[in-house]
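K.L.:
To start, I am sharing the structure in question, which I have written as structure tokens.
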Amino acid sequence: MSTGVAIVGAAESDLGVTNRSILGLQAQAIGRALADAGLTLRDVDGLATTGVSRFSATQLADHFGLQPRWTDSTYAGGSAFEMFVARATQAIQAGQAETVVISFASNQRSARSRSLGGVVEEHTPEAQFETPYGPLYPLSYYAMAARRYLHAGGGTREQLAEVAVAAREWALLNPAAFRYGTRSLTAEEVVGSTTISSPLTALDCCLVTDGGGAVVLTSSERARDLRRKPVEVLGYGERTTNTSMTAVADLTVTGAVGSGADAFARAGVTPADIDVAQIYDSFTITVALTLEALGFCGRGEALDWIADGRIRPGGDFPLNTSGGGLSYCHPGQFGVMLLIEAVAQLRGEAGDRQVPGARLALAHGTGGILSTHATVVLGVEA
């Protein structure tokens, strides 16, 4: 059930510690993605990006000398890029744009701009209830979700650590990964690493790196004449649930329940049909909650479900095959990287980490403090 829109180009910028500017990394990613598609800047009439400046899409268009017919700079954190896929698809369907580039880049590690101090804005209603406790943003909020999840379900820290252990195994197969070439992890090492916000430790948390990437979308009809195997946009869905934790009734139920249901319904598939999944792993708990919300397993079952190597290389549910935000890279917003890896897998270009015969992929982004959720289902013809 195609939407009539396809991803025709995808590429990373330089990753890790680059000492490049945000716009320099954006230029790398977009140039590489357009070259991958066999297109040029002259073909681009739609832009979607965030994290550049106050007016991100305007800034990027000006940098490239473009006057796009359509733009989007929705700031929704890590889920924004899956949201952009939905909006770009709709724009192409409506004739508002013909070729849309979705991109992101950050130089947060080179610039040493990352702070755990928090961004709870003092003028917001929740600040009076949360700021006095000095939470690390967003880590302490995910730590509360993890504490509640483990308490309610009776799971162990070692079981949750499997998310990080599996991510490292995939990263060892990915030469672009920040942790490529390092050794495997054990659950005991994850649990025993420095506690950052109990119960989460340093190895439960995503990396802090430079980097970014871009994907190029156009109509499926036009895609047939381009350089690369088109990856069809089959379905999408999103939910925005909460800005803070103050009024959340249950920290262990996320908006991915709704975003996933919509995406699967639009695509005409079920979770059982997915060959490879890329799920935002800002923290290990994010993955456990999202697997359940998307319907890959029942509520409270994720930690048992991922046991025994199921999500590691060679397991029957290939998950975060790049190494994810935990071991591949995490430039502050990871959603575009999920799309790039999904495309690589569906085009059969993932090298040593390739999932044989992958035809359906899911990419799911999470933003804020379990605040925004967006799911995309992608597919290729046999």
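K.L.:
Select, from G298, G332, G309, the only residue that is touching a helix residue (DSSP H, G or I) at 6+ places or on another chain (Cβ under 9 Å) and either among the acidic types (D, E) or surrounded by 17 or more Cβ atoms within 10 Å (Cβ to Cβ) (or both). Talk me through it step by step, then tell me what you get.
P.N.:
Details: G298 fails: either among the acidic types (D, E) or surrounded by 17 or more Cβ atoms within 10 Å (Cβ to Cβ) (or both); G309 fails: either among the acidic types (D, E) or surrounded by 17 or more Cβ atoms within 10 Å (Cβ to Cβ) (or both).
Being touching a helix residue (DSSP H, G or I) at 6+ places or on another chain (Cβ under 9 Å) and either among the acidic types (D, E) or surrounded by 17 or more Cβ atoms within 10 Å (Cβ to Cβ) (or both) holds for just one of G298, G332, G309, which is G332.
K.L.:
Of everything in segment 39-54, what is modelled with pLDDT under 95 and farther than 13 Å from L23 by Cβ? Give them in sequence order.
P.N.:
R54
K.L.:
Within segment 29-56, count every residue that is surrounded by fewer than 22 Cβ atoms within 10 Å (Cβ to Cβ) and either at positive phi or under 20 Å from the mean Cα position of the chain (by Cα) (or both).
P.N.:
Residues that pass the stated criteria total 4.
K.L.:
When you check G213 against the structure, is it under 29 Å from Q26 (Cβ atoms) and not hydroxyl-bearing (S, T, Y), yes or no? Give the derivation first.
P.N.:
Details: under 29 Å from Q26 (Cβ atoms): yes; not hydroxyl-bearing (S, T, Y): yes.
For G213, the condition - under 29 Å from Q26 (Cβ atoms) and not hydroxyl-bearing (S, T, Y) - is met.
K.L.:
Mind checking which pairs have a first residue in segment 151-174 that is more than 17 Å from L291 (Cβ to Cβ) and a second that is among the aromatic types (F, W, Y) and not in a helix (DSSP H, G or I), Cβ under 9 Å, 6 or more apart or different chains?
P.N.:
Once the first residue is more than 17 Å from L291 (Cβ to Cβ) and sits in segment 151-174, its partners that are among the aromatic types (F, W, Y) and not in a helix (DSSP H, G or I) give A171/F178; A171/Y180; A171/Y328; L172/Y180; L173/Y180; N174/Y180; N174/Y328.
K.L.:
Could you tell me whether F317 is aromatic (F, W, Y), modelled with pLDDT of 95 or more and open to solvent by 10 Å² or more (accessible area, probe 1.4 Å)? Spell out the reasoning first.
P.N.:
On the way: aromatic (F, W, Y): yes; modelled with pLDDT of 95 or more: yes; open to solvent by 10 Å² or more (accessible area, probe 1.4 Å): yes.
Judged against the criteria, F317 is a match.
K.L.:
While we're looking at this one, here's another question. For segment 165-184, does any single residue satisfy the condition of being modelled with pLDDT of 95 or more and farther than 30 Å from G213 by Cα?
P.N.:
No - not one qualifying residue is present in segment 165-184.
K.L.:
Yes or no: A97 open to solvent by less than 30 Å² (accessible area, probe 1.4 Å) and modelled with pLDDT under 95? Reasoning before the result, please.
P.N.:
Values: open to solvent by less than 30 Å² (accessible area, probe 1.4 Å): yes; modelled with pLDDT under 95: no.
So A97 does not fit the description; no.
K.L.:
Next up: List the residue pairs whose Cβ atoms are under 7 Å apart, where the first residue sits in segment 369-382 and is free of Cβ contacts under 8 Å to residues at least 40 places away in the same chain, the second is of a type outside the set (V, I, T), and the two are 6 or more positions apart or on different chains.
P.N.:
Once the first residue is free of Cβ contacts under 8 Å to residues at least 40 places away in the same chain and sits in segment 369-382, its partners that are of a type outside the set (V, I, T) give A382/R359.
K.L.:
Evaluate segment 58-66: report whether one residue or more is in contact (Cβ under 8 Å) with a residue 40 or more places away in the chain, surrounded by fewer than 24 Cβ atoms within 10 Å (Cβ to Cβ) and more than 21 Å from A363 (Cα to Cα).
P.N.:
Looking through segment 58-66, at least one residue is in contact (Cβ under 8 Å) with a residue 40 or more places away in the chain, surrounded by fewer than 24 Cβ atoms within 10 Å (Cβ to Cβ) and more than 21 Å from A363 (Cα to Cα).
K.L.:
Quick check on segment 204-259: of everything there that is of a type in the set (D, E, K, R) and open to solvent by less than 20 Å² (accessible area, probe 1.4 Å), which residue is nearest to L289 (Cα to Cα)?
P.N.:
Here is the first cut: in segment 204-259, the ones of a type in the set (D, E, K, R) are 204, 210, 221-222, 224-225, 227-229, 232, 238-239, 250.
From what is left, the residues that are open to solvent by less than 20 Å² (accessible area, probe 1.4 Å) are 204, 210.
Values: D204: 14, D210: 27 Å.
The selected residue is D204.
K.L.:
Now a separate question. For V120, which of the numbered conditions (1) out of contact with any helix residue (DSSP H, G or I) (no Cβ under 6 Å at 6 or more places or on another chain); (2) in contact (Cβ under 8 Å) with a residue 40 or more places away in the chain; (3) of a type in the set (A, V, I, L, M); (4) over 25 Å from V376 (Cα atoms) fails to hold?
P.N.:
Of the numbered conditions (1) out of contact with any helix residue (DSSP H, G or I) (no Cβ under 6 Å at 6 or more places or on another chain); (2) in contact (Cβ under 8 Å) with a residue 40 or more places away in the chain; (3) of a type in the set (A, V, I, L, M); (4) over 25 Å from V376 (Cα atoms), the odd one out for V120 is (1).
K.L.:
Related question: Which one of S184, S140 is open to solvent by less than 30 Å² (accessible area, probe 1.4 Å) and either under 26 Å from T321 (Cβ atoms) or in a helix (DSSP H, G or I) (or both)? Lay out the reasoning, then the answer.
P.N.:
Details: S184 fails: open to solvent by less than 30 Å² (accessible area, probe 1.4 Å).
On inspection, the qualifying residue turns out to be S140.
K.L.:
For segment 145-158, state whether one or more residues are in contact with a helix residue (DSSP H, G or I) (Cβ under 8 Å, 6 or more places away or on another chain) and part of a loop (DSSP other than H, G, I, E, B).
P.N.:
To start, the set of residues in segment 145-158 that are in contact with a helix residue (DSSP H, G or I) (Cβ under 8 Å, 6 or more places away or on another chain) comprises 145-146, 149-150, 153, 155-158.
So of that shortlist, the ones also part of a loop (DSSP other than H, G, I, E, B) come out as 155-156.
Taking every residue of segment 145-158 in turn, at least one turns out to be in contact with a helix residue (DSSP H, G or I) (Cβ under 8 Å, 6 or more places away or on another chain) and part of a loop (DSSP other than H, G, I, E, B).
K.L.:
Also: Look through segment 260-273, keep the residues that are out of contact with any Phe, Trp or Tyr (no Cβ under 8 Å at 6 or more places or on another chain) and surrounded by fewer than 24 Cβ atoms within 10 Å (Cβ to Cβ), and return whichever of them is farthest from G155 (Cα to Cα).
P.N.:
As a first pass, look at segment 260-273 and keep what is out of contact with any Phe, Trp or Tyr (no Cβ under 8 Å at 6 or more places or on another chain): 260-261, 264-265, 267-269, 272-273.
Subsequent filtering for residues that are surrounded by fewer than 24 Cβ atoms within 10 Å (Cβ to Cβ) retains 261, 264-265, 268-269, 272-273.
Numbers: A261: 26, F264: 29, A265: 31, G268: 33, V269: 30, A272: 24, D273: 27 Å.
Per the criteria, the residue is G268.
K.L.:
Give the residues of segment 343-357 that are of a type outside the set (S, T, N, Q) and open to solvent by 10 Å² or more (accessible area, probe 1.4 Å), sorted by residue number.
P.N.:
Passing the criteria: A344, R347, G348, E349, G351, D352, R353, V355, P356, G357.
K.L.:
All but one of (1) surrounded by fewer than 22 Cβ atoms within 10 Å (Cβ to Cβ); (2) among the hydrophobic types (A, V, I, L, M, F, W, C); (3) under 30 Å from V52 (Cβ atoms) hold for V287; state the number of the condition that does not hold.
P.N.:
Result: V287 fails condition (1) only.
K.L.:
With the checklist (1) open to solvent by 10 Å² or more (accessible area, probe 1.4 Å); (2) assigned to a strand (DSSP E or B) in hand, flag the one item I340 doesn't pass.
P.N.:
All conditions are met except number (2).
K.L.:
Only one residue in A111, A127 is of a type outside the set (S, T, N, Q), open to solvent by less than 10 Å² (accessible area, probe 1.4 Å), more than 27 Å from G258 (Cβ to Cβ) and over 18 Å from the mean Cα position of the chain (by Cα). Which one?
P.N.:
Details: A111 fails: open to solvent by less than 10 Å² (accessible area, probe 1.4 Å).
So the residue among A111, A127 that is of a type outside the set (S, T, N, Q), open to solvent by less than 10 Å² (accessible area, probe 1.4 Å), more than 27 Å from G258 (Cβ to Cβ) and over 18 Å from the mean Cα position of the chain (by Cα) is A127.
The values are calculated or read from the model by the stated rules, or taken from the named source; none is laboratory data. In this text the structure is predicted, and so the values were computed from the model without any measurement. Positions of Cβ are generated from backbone atoms using ideal geometry, with glycine treated the same way; all protein chains shown enter the neighbour counts. The protein model used for the area step is the full one, side chains on, heavy atoms only, and it has no ligands, DNA or RNA in it. Shrake-Rupley method; radii C 1.70, N 1.55, O 1.52, S 1.80 Å.
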